[in-house]
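Q: Right, I'll just put the structure down here and ask away after.
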Amino acid sequence: MLTANQTVEDILKESEAWLTGHFLLTGGKHSDQYLQCQKVLRYPRKGAILANMLADQLMEQSIIPEVVAGPAMGAIHWELLVAQAFDNRSNEPVIGVFAERPAGSDEFEIRRGIELKPNQKVLVVEDVTTTGGSARKVCELVRKLGANPIAVAAIVDRSGSAVQFDVPFYSLLKLNLSVYEPDQCPMCKEGKPVVKPGSSKKN
Ligand SMILES: [Zn+2]
């Protein structure tokens, strides 16, 4: 059950999108925390609560998009949930679209017959911002297509507020997560078993 005064932290933790423990991350480093926002976005009701929080936060800043675009795969579901939240607050339909990289390409495209209109106001969203590289590329794509990126927004900014864009950046939660090389990991020194997220195996 969801209660009216749940925080972003509560919603991420109860859906296991935010785990604490001792984790082996992709790339080989260790961390005491792990984020996987698809775990919360699989629950449309919880995803909608987060999207409504974000829409409220952005509307207070007069950021009102006509299109919500996000990079696949991380932003899939999130872009449509955020578009829905703005659509509920608008007289005009708000569109959700994902940008994808065709196999073998490093460049994002908006495909499947969907086109942006000139000067359309586009909010770029992602689930977790680490370096912001994908969101930045989607902003560039939006400009190339003649539309206008007006802001970037994420569920979690895990950059420790270090990331910058050339449009305003908003997030529901800011985290500065510690990651360690295995030979410097304090949990390893304590002898805690390390877990690879998404698998039941322990290393
Ligand atoms: Zn470790």
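Coordinate-derived values only; no laboratory data. Predicted model only: the values in this text are computed from it and were never measured. Counting neighbours? That spans all protein chains shown, and the Cβs are built from the backbone with ideal geometry, glycine included.
Q: Taking the alpha-carbon distance from LYS121 and a cut-off under 20 Å, which lysines remain once sequence neighbours fewer than 8 residues away in the same chain are dropped?
A: Filter leaves LYS137, LYS144.
Q: Further question: Would you kindly derive the ³J(HN,Hα) couplings of region 13-25 from the backbone phi angles with the Karplus curve 6.51 cos²θ - 1.76 cosθ + 1.60 (θ = phi - 60°), listing them in order in whole Hz, with x for Gly and Pro?
A: In residue order, the calculated couplings are 6, 5, 8, 6, 6, 10, 10, 10, x, 9, 10, 8, 8 Hz.
Q: Another question about this same structure. Return the long-range amide H neighbours of ALA75 (sequence gap of 5 or more, or a different chain), with a cut-off of under 5 Å between placed amide H atoms.
A: ASP127
Q: Here's a follow-up. Residues of region 115-130 with amide nitrogen under 15 Å from the 7 Å Cα-to-Cβ point of LYS144?
A: Backbone N within reach: 116.
Q: Could I ask something else about it? With θ taken as phi - 60° and the coefficients 6.51, -1.76 and 1.60, list the Karplus ³J(HN,Hα) couplings across region 103-117 in order, rounded to whole Hz; mark glycine and proline as x.
A: Calculated HN-Hα couplings, in order: 3, x, 10, 9, 9, 6, 9, 9, 10, 6, x, 9, 10, 8, 9 Hz.
Q: Explain nothing, just the number: relative contact order of the chain, from Cα pairs under 8 Å at least 6 residues apart, as a whole percent.
A: Details: 375 pairs, mean separation 41.8, N = 203.
It comes to 21 percent, rounded to a whole number.
Q: Give the distance, in whole Å, between the Cα centre of region 108-129 and the Cα centre of region 131-190.
A: 18
Q: For the chain, list the cysteines whose Cβ sits under 4.7 Å from no other cysteine Cβ?
A: So, CYS37, CYS139.
Q: For region 44-75 and region 76-105, compute the distance between their C-alpha centroids and round to whole Å.
A: So the two Cα centres are separated by 9 Å.
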